[in-house]
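These notes are about the structure you will find just below.
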Amino acid sequence: MRLFLTTVAAAALTLTACNNADNPASNASIQKLQKLYKTSYDLKDIPTAITAVQLILTHDSTNILRDSLPSMYLAVQNIDACLTTTEDALKRHPESEEYAKYKMLCLEQVGKAEELFTLAKSLYDKTGKAEYIYKIASVQLVTGEFDAATKTINDMMNKYKNTKDSVDIFIDQAQSQRVPIVAACWNMKGYLYIQTQKYQQAGEAYQKAIQIFPDFVMARRNLQQLIQGAQQQR
């Protein structure tokens, strides 16, 4: 990501010199703002970097740095702005998997399950990547399509049982953890078992997830909640 934004900034400098050669004042302002953007981004001061880009766009609405906005808005959890700028970027780069992933993350955050499912399926059909079929199963679970989710999870477990594929799982709104996909599938199975009140099988599923990946935060959290719930009912 840092390499991508650095490349974007370098390209922006070149394009600015070409497009604003006849407007020295505007060109000087843009160059100062680009330096502010780069310095701020390097210091991880993302809000200032966003402001710098927005000011650049008041001088040059087609400046290439506009393509850096989705990732920066996502970094500061401004989901509405991320979704808006991502959709704008996808108009310019309709085949970009990177921007499609940003959109998928935004749709998940705002709870647009139908759009999220459609996009995840499209990305999986195009790429065959584990992260997208995992997202399909996640949507099916959230929307209560448990039979469909069971089939998708079983398909994943069969397809990826001998691979090292992994997926990102959100721990909270700001943090995620990279988890082997088979472990992630067992964690999903635990959730499915709970929905049908098969609590013993749910516990066993969570334990299998932890056995595969001992640092699995969500599986440990889910198992702990299951144990606590059982203790409270005694």
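Answer with yes or no whether Gln54 is at pLDDT 95 or above, outside the structural domain of Lys35 (by TED's automatic domain parsing) and not charged (D, E, K, R). Before you say what the answer is, go through the steps one by one.
Values: at pLDDT 95 or above: yes; outside the structural domain of Lys35 (by TED's automatic domain parsing): no; not charged (D, E, K, R): yes.
No, not satisfied.
In segment 28-79, which residue that is assigned to a loop (DSSP other than H, G, I, E, B) and touching a helix residue (DSSP H, G or I) at 6+ places or on another chain (Cβ under 7 Å) is nearest to Ala174 (Cα to Cα)?
Taking the candidates together, the pick is Val76.
With the structure loaded, tell me whether Ala75 is over 23 Å from Lys44 (Cβ atoms), surrounded by fewer than 20 Cβ atoms within 10 Å (Cβ to Cβ) and touching a residue at least 24 places away in the same chain (Cβ under 8 Å) or whether it fails that test.
No, not satisfied.
How about segment 80-100: which of its residues are surrounded by fewer than 21 Cβ atoms within 10 Å (Cβ to Cβ) and out of contact with any Ser or Thr (no Cβ under 9 Å at 6 or more places or on another chain)?
Asp80, Ala81, Thr84, Glu87, Asp88, Lys91, Arg92, His93, Pro94, Glu95, Ser96
Please specify each residue of segment 137-177 satisfying the condition of being in a loop (DSSP other than H, G, I, E, B) and charged (D, E, K, R).
Glu145, Lys161, Lys164, Asp165, Asp172
List the number of the failed condition for Phe117; all other conditions in (1) at positive phi; (2) not assigned by TED's automatic domain parsing to the domain that holds Ile169 hold.
(1)
Which pairs do you get when a residue that is among the hydroxyl-bearing types (Ser, Thr, Tyr) and surrounded by 19 or more Cβ atoms within 10 Å (Cβ to Cβ), found in segment 211-234, comes within reach of a residue that is at pLDDT below 90 and not in a helix (DSSP H, G or I), reach meaning Cβ atoms under 7 angstrom, with the pair 6+ apart or on two chains?
Sorted first by the residue in segment 211-234, then by its partner, the list stays empty.
Could you please tell me which pairs satisfy a Cβ distance under 7 Å, a separation of 6+ or placement on different chains, a first residue in segment 165-177 that is more than 18 Å from Val76 (Cβ to Cβ) and in contact (Cβ under 8 Å) with a residue 24 or more places away in the chain, and a second residue that is among the small types (Gly, Ala, Ser) and buried (at least 16 other Cβ atoms within 10 Å of the Cβ)?
From residues that are more than 18 Å from Val76 (Cβ to Cβ) and in contact (Cβ under 8 Å) with a residue 24 or more places away in the chain, the pairs are Asp165/Ala130; Val167/Ala130; Val167/Ala184; Ile169/Ala184.
Taking segment 178-197 as the search range and keeping residues that are outside any helix (DSSP H, G or I) and modelled with pLDDT of 95 or more, which one is surrounded by the most Cβ atoms within 10 Å (Cβ to Cβ)?
Val179
Just to check your reading of the model, which residue among Ser166, Ser176 is among the small types (Gly, Ala, Ser) and touching a Pro at 6+ places or on another chain (Cβ under 8 Å)? Before the answer, list the steps.
Working: Ser176 fails: touching a Pro at 6+ places or on another chain (Cβ under 8 Å).
Selected residue: Ser166, the only one of Ser166, Ser176 that is among the small types (Gly, Ala, Ser) and touching a Pro at 6+ places or on another chain (Cβ under 8 Å).
Scan segment 118-133 and give yes if some residue there is touching a residue at least 12 places away in the same chain (Cβ under 8 Å), within 10 Å of Ile181 (Cα to Cα) and crowded, with 17+ Cβ neighbours inside 10 Å, otherwise no.
yes
So which residues in segment 28-40 are surrounded by fewer than 22 Cβ atoms within 10 Å (Cβ to Cβ) and either within 19 Å of Tyr102 (Cβ to Cβ) or in contact (Cβ under 8 Å) with a residue 12 or more places away in the chain (or both), if there are any at all? Let's see the steps before the verdict.
Narrowing segment 28-40 to residues surrounded by fewer than 22 Cβ atoms within 10 Å (Cβ to Cβ): 28-29, 31-32, 34-36, 38-40.
Those that are surrounded by fewer than 22 Cβ atoms within 10 Å (Cβ to Cβ) and either within 19 Å of Tyr102 (Cβ to Cβ) or in contact (Cβ under 8 Å) with a residue 12 or more places away in the chain (or both): Ser29, Gln31, Gln34, Leu36, Lys38, Ser40.
So, of the residues in segment 161-177 that are of a type outside the set (A, V, I, L, M, F, W, C) and closer than 24 Å to Val110 by Cβ, which turns out to be surrounded by the most Cβ atoms within 10 Å (Cβ to Cβ)? Before the answer, list the steps.
Pass one, segment 161-177, residues of a type outside the set (A, V, I, L, M, F, W, C): 161-166, 168, 172-173, 175-177.
Within this subset, residues satisfying the condition of being closer than 24 Å to Val110 by Cβ are 168, 172-173, 175-177.
Numbers: Asp168: 14, Asp172: 7, Gln173: 9, Gln175: 9, Ser176: 14, Gln177: 16.
Within segment 161-177, the match that is surrounded by the most Cβ atoms within 10 Å (Cβ to Cβ) is Gln177.
The values are calculated or read from the model by the stated rules, or taken from the named source; none is laboratory data. Bear in mind that the values here come from a model prediction, so they are computed numbers and not experimental data. Heads up, the Cβs are rebuilt from the backbone with ideal geometry, glycines too, and the neighbour counts pull from every protein chain shown.
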